[in-house]
Amino acid sequence: MYKENMLEIESLIENYFEGIFYGEVKKLENCFYENTLIHGDIKGEAYLKNVQEYVEGVKNRQSPSELNETFKMNIIGVDVIGNTAMVKAHVPMLGYNYYDYLSLVKIDNHWKIVNKIFTHVA
């Protein structure tokens, strides 16, 4: 079960990365539970959006791919306990050096991001 969960989580996070990097908003939206909140710190400025606002922002900006950036996003670590998991990810893009902490829950037999906190590290 652990190996199966890890493969499912890795697939979810790959979709998350691709949604962000290529601007594939449907793919990105499917990674999140509908009531997810996103909290962040961008150069000392607080960031708070619900998932719909976040996805709309991704939709309305140029994607890193369109800007000819190199894909460098990666999973740093995954911790799974039962039907919950925590993923730490490095998400460098658009001139920022983001680190994400993603809380996941297995809902109706599918892993979903239920909370995202992130920061930019200079």
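Structural remarks
- Whole-percent pair-distance distribution, where bins are 10 Å wide, for the alpha carbons of the stretch 28-122: 15, 46, 34, 6
- 0 to 90° range, to nearest 10: angle between helix 2-22 axis and the chain longest Cα axis: 20 degrees
- Here the extension length gained between Leu67 and Val105 equals 10.4 nm, from 0.36 nm per residue of separation less the Cα-Cα distance.
- Highest-fluctuation residue, Tyr47, Tyr101, Tyr22 considered, GNM on the chain with Cα pairs under 10 Å: Tyr47
- For the chain, built as a Gaussian network whose Cα springs stay under 10 Å, the top-fluctuating residue of Thr84, Thr70, Thr36: Thr70
- Cα-based Lys pair tally, the chain, threshold under 19 Å, eight or more apart or on separate chains: 23
- A DSSP coil position with no more than 11 other Cβ atoms inside 10 Å describes the following GluC sites (Glu not before Pro) in the stretch 17-122: Glu66.
- Per-residue ³J(HN,Hα) for the stretch 74-80, Karplus 6.51 cos²θ - 1.76 cosθ + 1.60, θ = phi - 60°, Hz, x for Gly and Pro: 7, 7, 8, x, 9, 10, 10
- Relative contact order, percent, the stretch 2-120 [alpha-carbon distance under 8 Å, six or more residues apart]: 25 percent
None of the figures in this text is laboratory data; all of them are computed from the coordinates on show. Just so we're clear, the structure is a prediction, and the values are computed from it rather than from any experiment. Because the Cβ atoms are built from the backbone with ideal geometry, glycine has one as well, and the counts that use them run over all protein chains shown.
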